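So the structure is just underneath, and the comments pick up after that.
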Amino acid sequence: MKPIVAAVDMGYGHLRAARPVARALGVAVTLADRAPTADPDERKVWDRVRGAYEWTSRASQIPVLGRPFRWVLDAATDIPHLHPHRDLSASTQGVSALERLVRRGLGRGLVARMRETGEPLVATFYSPAIAADAAGLGNVWCIITDSDINRVWAPREAARTGIRYLVPSPRAGRRLRSYGVPENRITFTGFPLPHELVGGAELPFLRRNLAARLVRLDPLGTFRRDHREELASFLGPLPAEEEGRAPTLTFAVGGAGAQAAMAAAFLPGMRRAIEEGKLRLVLVAGVRPQVEARFRESIRDAGLEGALGQGLELLRADSLDDYFDRFDEALARTDALWTKPSELSFYAALGLPLVFAPPVGVHERYNRRWVRESGAGVVQRDPSAAWQWFSDWMEDGTLAGAAWSGFVRLPKHGLQRILAEVAP
């Protein structure tokens, strides 16, 4: 029996992880917090939680005035230091709060379906997995979507859990063990990257995109001269037709649109490079009309309305499915991704250098550190001078080197490994 692949509409990260798995299994993604799975009373609870999180995320990005909201968000997402290694299995306020919500019916729609059909569960958010586990249901997998995680991802009695965790990083596995989850319940897989950007075990799509990207990111040939033997061994001849083509920078805000205002700071400084064909820019608004409106206002203020469709692209969709399809298509031709260190941190494994905007929450700080320690990402500088530091990083090979480090060092076969666990 094919499993339910369940996610929660709490930012794009959990949906982004569920989609490749569901597609490979030939099932639809089940939203545990939406009809028909969740009844009206359960949906009200989810709506309150989601509304509070998204509002706090956006408010935390307000200069100066947002500082108290950053404290609130950091407290809610806090992750204690892992070292020195010690027992971190004691319950927390978050664990207790989730227990109360489950007792009041959070996840009951999904649990009822599993009891009726006997379907296994693959969840990309902790609450559906913990609700099913609390109900005594077996065949429950939980895909972790950050490189390090809060205690709330494991139930209070973690040593007795039946959940099987699929982790994207070794650190996430160590963290679960410190929370009391048994070793045999943890499998390192990597993050489930889209098949459309990987292409299977031999990575044909990834290699093709990376080969073209390295040429565009290395206009002076700095990186390619220093690493020509490795590049030839892994990628073969690089496409000469990409020489001289403008690089594409994609700026993606999170699902809550927390950093959309940043475009007003960097667009004026990029205007000349875009108009002269030295840079192509994609602004990703997701599915939120208000984020698109914010971007359009910044585009107008920067005098770049005439560049839309001519070096400047605005990506917004009416549905999540359409958005994810269009986003993946844009990433195939993207040369650097500028984003906060969300679940998109794992996309550095595609050979896609990441430029990190400020993190929103403690878990994103750990994601940023994980990528930077692998050499696959850099932290943004002053947004008003973005074209200057971006072009400098191209000329000295920094971005090409980050692309190569991500490809070599980070896990790329997460989807295949997850499928081997949940559908052997």
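Starting from residues that are of a type in the set (D, E, K, R) and in contact with a strand residue (DSSP E or B) (Cβ under 8 Å, 6 or more places away or on another chain), keep the ones in the range 148-183 and report whichever is farthest from Lys412 (Cα to Cα).
Within the range 148-183, the first condition is being of a type in the set (D, E, K, R), and the residues that meet it are 148, 151, 156-157, 160, 164, 171, 174-175, 177, 183.
This time we only want the ones that are in contact with a strand residue (DSSP E or B) (Cβ under 8 Å, 6 or more places away or on another chain), so: 164, 177.
On the way: Arg164: 21, Arg177: 24 Å.
The residue in question is Arg177.
Would a scan of the range 322-333 turn up a residue that is surrounded by 18 or more Cβ atoms within 10 Å (Cβ to Cβ) and on the phi > 0 side of the Ramachandran plot?
Among the residues of the range 322-333, not one is surrounded by 18 or more Cβ atoms within 10 Å (Cβ to Cβ) and on the phi > 0 side of the Ramachandran plot, which makes the answer no.
Just the residues that are surrounded by 19 or more Cβ atoms within 10 Å (Cβ to Cβ) and in contact with a Lys or Arg (Cβ under 8 Å, 6 or more places away or on another chain), please, taken from the range 239-254.
Selection gives Pro247, Thr248, Leu249, Val253, Gly254.
Only helices (runs of 4 or more DSSP H) wholly contained in the range 367-423 count here; list those with 3 or more residues that are closer than 14 Å to Ala336 by Cα and either hydroxyl-bearing (Ser, Thr, Tyr) or at pLDDT 95 or above (or both).
Working: elements: 386-395, 398-409, 414-422.
In the range 367-423, the matching helices (runs of 4 or more DSSP H) lie at 386-395, 398-409.
Leu315 passes all but one of (1) modelled with pLDDT of 95 or more; (2) part of a loop (DSSP other than H, G, I, E, B); which number fails?
Failed condition: (2).
For the condition in contact (Cβ under 8 Å) with a residue 12 or more places away in the chain, in a loop (DSSP other than H, G, I, E, B) and surrounded by fewer than 19 Cβ atoms within 10 Å (Cβ to Cβ), what is the one hit in Pro358, Pro341?
Details: Pro341 fails: surrounded by fewer than 19 Cβ atoms within 10 Å (Cβ to Cβ).
Exactly one of Pro358, Pro341 is in contact (Cβ under 8 Å) with a residue 12 or more places away in the chain, in a loop (DSSP other than H, G, I, E, B) and surrounded by fewer than 19 Cβ atoms within 10 Å (Cβ to Cβ), namely Pro358.
Could you check how many residues of the range 116-140 are outside any loop (DSSP other than H, G, I, E, B), under 13 Å from Lys2 (Cβ atoms) and not aliphatic (A, V, I, L, M)? Break it down stepwise before answering.
Looking only at the range 116-140, we keep the residues that are outside any loop (DSSP other than H, G, I, E, B), and these are 116-117, 121-123, 126-134, 140.
Filter once more, so that each one left must be under 13 Å from Lys2 (Cβ atoms): 117, 121-122.
From what's left, not aliphatic (A, V, I, L, M): 117.
Looking only at that region, the number is 1.
Mind checking whether some residue in the range 304-317 is surrounded by fewer than 20 Cβ atoms within 10 Å (Cβ to Cβ), of a type in the set (A, V, I, L, M) and closer than 25 Å to Thr30 by Cβ?
Yes; the residues of the range 304-317 include at least one that is surrounded by fewer than 20 Cβ atoms within 10 Å (Cβ to Cβ), of a type in the set (A, V, I, L, M) and closer than 25 Å to Thr30 by Cβ.
So Ile143 passes all but one of these: (1) among the hydrophobic types (A, V, I, L, M, F, W, C); (2) within 30 Å of Glu243 (Cβ to Cβ); (3) touching a residue at least 40 places away in the same chain (Cβ under 8 Å). Which condition number does it fail?
The failed condition is (2).
Answer yes or no as to whether Gly414 is outside the structural domain of Ala212 (by TED's automatic domain parsing) and buried (at least 22 other Cβ atoms within 10 Å of the Cβ).
On the way: outside the structural domain of Ala212 (by TED's automatic domain parsing): yes; buried (at least 22 other Cβ atoms within 10 Å of the Cβ): yes.
Yes.
Please list, ordered by first then second residue, the pairs with beta carbon atoms under 6 Å, 6 or more apart or interchain, first in the range 213-233 and assigned by TED's automatic domain parsing to the domain that holds Ser391 and touching a residue at least 60 places away in the same chain (Cβ under 8 Å), second part of a loop (DSSP other than H, G, I, E, B) and charged (D, E, K, R).
Listed pairs, sorted by first residue: Arg213/Asp335; Arg216/Arg245; Arg216/Asp335; Leu217/Asp335; Arg224/Asp218.
May I ask you to say which residue of Asp218, Asp226 is in contact with a helix residue (DSSP H, G or I) (Cβ under 6 Å, 6 or more places away or on another chain) and over 24 Å from His195 (Cβ atoms)? Even if it seems obvious, please write down each step before you answer.
On the way: Asp226 fails: in contact with a helix residue (DSSP H, G or I) (Cβ under 6 Å, 6 or more places away or on another chain).
Within the list Asp218, Asp226, the selection yields Asp218.
Which one of the conditions (1) touching a Leu at 6+ places or on another chain (Cβ under 9 Å); (2) more than 30 Å from Gly244 (Cα to Cα) does Ala293 fail to meet, given that it meets all the rest?
Unmet condition: (1).
What single numbered condition from (1) over 20 Å from Phe407 (Cα atoms); (2) in a loop (DSSP other than H, G, I, E, B); (3) free of Cβ contacts under 8 Å to residues at least 40 places away in the same chain fails to hold for Val291?
(2)
Evaluate the range 43-66: report whether one residue or more is at pLDDT 90 or above, surrounded by 12 or more Cβ atoms within 10 Å (Cβ to Cβ), among the hydrophobic types (A, V, I, L, M, F, W, C) and part of a loop (DSSP other than H, G, I, E, B). Break it down stepwise before answering.
Step one: list which residues in the range 43-66 are at pLDDT 90 or above, which gives none.
No: zero hits.
Select from the range 263-291 the residues that are among the charged types (D, E, K, R) and modelled with pLDDT of 95 or more and list them in ascending order. Give the derivation first.
Going residue by residue through the range 263-291, those that are among the charged types (D, E, K, R) are 271-272, 275-276, 278, 280, 288.
Within the range 263-291, Arg271, Arg272, Glu275, Glu276, Lys278, Arg280 meet the criteria.
The values are calculated or read from the model by the stated rules, or taken from the named source; none is laboratory data. Keep in mind it's a predicted model, so treat the numbers as computed, not measured. Note: ideal-geometry Cβ built from the backbone for every residue, glycine included; neighbour counts use all protein chains shown.
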